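Working notes, beginning with the structure itself.
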Amino acid sequence: MIIQLQQGIPTELKEAILKEVKQVGFKANEVKTQEAHYIVGIGKKDFDIRTLGQLPGMADIHRVSDEYKLISRKWRVNPTLIDLGDDVVIGEGNFSIMAGPCSIESERQIELVVEHLQANDVKIMRGGVFKPRSSPYAFRGMGLEGLRMFHQLCSENGIKIITEVMQVSQIEDMVEFVDVFQVGARNSQNFNLLDALGEAQKPVLLKRGISGTIEELLQAAEYIFSNGNEKIMLCERGIRSYENAYRNVLDLNAVPVLKAKTHLPVIVDPSHGIGLRDYVEPMSLAAVMAGADGVIYETHQKPEEAFSDGQQTVNFQESERLIKRMRQAFALRESF
């Protein structure tokens, strides 16, 4: 069960509620986030929750049978909206586009991408400065110096940035320069990192693991929420299979399933999902019609010269067309 406490609840009332939760045979876990103060009760004993609901200091109480409690739509029916400031809001009713290169390469590259995004009214730029690569000899990013440059150029032009964090030790240095932390597929079950991002208080885009189930993705998000951070987005980016005609299987089944199971925004990454430039557009449009709250994809002024993932990166002309078509598809979806 989930208990939401009243704002500013006196310590004695909170302790009385904790005592009652334990007396009915439940383990009580306190969770304090940017938004509210909760008690997550874990147990299986059947009892009348009205006995707790009438206690002083209670704001709300719900039974939640899912293993993941705080991110469950059985508890919070209304969708979570994530406000990045400057009228940039991610979540149901909005369609968010996040675009940029796989890797931040140079000042000039950032300037060109920013110009492209501004021309198409896109408010969020993606770009990696710490890159987890399959080969140790591949380009692994510009690091913190690149992040500072990335942040400065984007903030001067009203663009929010999303970039990947790979380990706990990077968070403190990065947090000042990041609007959204991205957790990549390889780190989707790095529980130490998820715990730390729960304490970081910046929005998090959590990608599904390479072979991860939907349940595992939801449990990973619960780690972040239970450590104090409600600002979470889930990202379907494809899962590994035996098929070798494309990079991954982009599981668009996951979009409506996740929307039914959780109140968190659901984002789709078609670039990593399909891994082939020619098919990024049709998979993006399919993601829109499947109900995604946004799409994150890779674009570069010259994909054939990109330091990483050029084969799945669209050029600016293709990106402009894709943006227009996604917005048309979203308008059509909303008219149903």
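Within the range 220-260, the set of residues being in contact (Cβ under 8 Å) with a residue 60 or more places away in the chain and of a type in the set (Asp, Glu) comprises Glu222, Glu230. Taking the range 44-76 as the range and being within 27 Å of Ile162 (Cα to Cα) and out of contact with any strand residue (DSSP E or B) (no Cβ under 7 Å at 6 or more places or on another chain) as the test, the residues that pass are Tyr68, Arg76.
Of everything in the range 1-33, what is open to solvent by 60 Å² or more (accessible area, probe 1.4 Å), in contact (Cβ under 8 Å) with a residue 12 or more places away in the chain and under 33 Å from the mean Cα position of the chain (by Cα)? Give them in sequence order. Talk me through it step by step, then tell me what you get.
Of all residues in the range 1-33, those open to solvent by 60 Å² or more (accessible area, probe 1.4 Å) come to 6-8, 11-12, 15, 19-20, 22-23, 27, 30, 32.
From what is left, the residues that are in contact (Cβ under 8 Å) with a residue 12 or more places away in the chain are 6-7, 20, 27, 30, 32.
Of everything in the range 1-33, those that are open to solvent by 60 Å² or more (accessible area, probe 1.4 Å), in contact (Cβ under 8 Å) with a residue 12 or more places away in the chain and under 33 Å from the mean Cα position of the chain (by Cα) turn out to be Gln6, Gln7, Lys27, Glu30, Lys32.
Just so you know, in the range 177-193 the residues that are under 20 Å from His272 (Cβ atoms) and assigned to a helix (DSSP H, G or I) include one that is modelled with the lowest pLDDT, and it is Arg186. Among residues of the range 304-325 that are closer than 17 Å to Leu112 by Cα and in a helix (DSSP H, G or I), those with a beta-carbon under 8 Å from a residue that is open to solvent by 100 Å² or more (accessible area, probe 1.4 Å) and at pLDDT 95 or above at least six positions away or on a different chain give the pairs Gly310/Glu304. Provide a single number: the residues in the range 306-333 that are open to solvent by 30 Å² or more (accessible area, probe 1.4 Å) and either among the polar types (S, T, N, Q) or at pLDDT below 95 (or both). Of the residues in the range 306-333, 5 are open to solvent by 30 Å² or more (accessible area, probe 1.4 Å) and either among the polar types (S, T, N, Q) or at pLDDT below 95 (or both).
Within the range 231-242, count every residue that is buried (at least 22 other Cβ atoms within 10 Å of the Cβ), charged (D, E, K, R) and in a loop (DSSP other than H, G, I, E, B). Break it down into steps so the answer makes sense when it comes.
Pass one, the range 231-242, residues buried (at least 22 other Cβ atoms within 10 Å of the Cβ): 231-238.
Among the residues that remain, those that are also charged (D, E, K, R) are: 231, 236-237.
Add one more test, that the residue is in a loop (DSSP other than H, G, I, E, B), and what stays is 231, 237.
Count: 2.
Looking only at the range 254-282, count how many residues are in contact with a Pro (Cβ under 6 Å, 6 or more places away or on another chain), surrounded by fewer than 24 Cβ atoms within 10 Å (Cβ to Cβ) and in a helix (DSSP H, G or I). Explain how you work it out, then say what you get.
Residues of the range 254-282 in contact with a Pro (Cβ under 6 Å, 6 or more places away or on another chain): 263, 280.
Checking the rest, the ones that are also surrounded by fewer than 24 Cβ atoms within 10 Å (Cβ to Cβ) come to 263.
Subset that is in a helix (DSSP H, G or I): none.
Total satisfying the criteria: 0.
Condition first: among the hydrophobic types (A, V, I, L, M, F, W, C) and in a loop (DSSP other than H, G, I, E, B). Now tell me which residues in the range 194-219 satisfy that.
Step one: filter the range 194-219 for residues among the hydrophobic types (A, V, I, L, M, F, W, C), giving 194, 196-197, 200, 204-206, 210, 214, 217-218.
Matches in the range 194-219: Ile210 only.
Scanning the range 161-178 for residues that are among the acidic types (Asp, Glu) and more than 12 Å from the chain's Cα centre (by Cα), we see that the one that is surrounded by the most Cβ atoms within 10 Å (Cβ to Cβ) is Asp173. Just so you know, in the range 118-141 the residues that are surrounded by fewer than 21 Cβ atoms within 10 Å (Cβ to Cβ) and in contact with a helix residue (DSSP H, G or I) (Cβ under 6 Å, 6 or more places away or on another chain) include one that is modelled with the highest pLDDT, and it is Asn120.
Could you please find all residues in the range 78-93 being over 13 Å from Glu230 (Cβ atoms) and open to solvent by 100 Å² or more (accessible area, probe 1.4 Å)? Those that are over 13 Å from Glu230 (Cβ atoms) and open to solvent by 100 Å² or more (accessible area, probe 1.4 Å): Asp86, Asp87.
Screening Glu105, Glu115 for residues that are among the charged types (D, E, K, R), surrounded by fewer than 16 Cβ atoms within 10 Å (Cβ to Cβ) and either more than 18 Å from the chain's Cα centre (by Cα) or at pLDDT 95 or above (or both) leaves exactly one candidate, Glu115. Pairs meeting the criteria (first residue in the range 270-299 and touching a residue at least 12 places away in the same chain (Cβ under 8 Å) and farther than 20 Å from Ser241 by Cα, second residue among the aromatic types (Phe, Trp, Tyr) and open to solvent by less than 10 Å² (accessible area, probe 1.4 Å), beta carbons under 7 Å, at least 6 apart or on different chains) are Ser284/Tyr297.
One residue is enough: does the range 201-208 have a residue meeting the conditions at pLDDT below 95 and closer than 24 Å to Val31 by Cβ? Walk me through how you get there before you give the answer.
As a first pass, look at the range 201-208 and keep what is at pLDDT below 95: 201.
Subset that is closer than 24 Å to Val31 by Cβ: 201.
Yes, that holds for at least one residue.
The values are calculated or read from the model by the stated rules, or taken from the named source; none is laboratory data. Here the structure is a predicted model, which means the values were calculated and not measured. Don't worry about glycine lacking a Cβ; one is built from the backbone with ideal geometry, like all the others, and counts go over all protein chains shown. Accessible surface areas use protein heavy atoms only, side chains included; no ligands, DNA or RNA. Shrake-Rupley method; radii C 1.70, N 1.55, O 1.52, S 1.80 Å.
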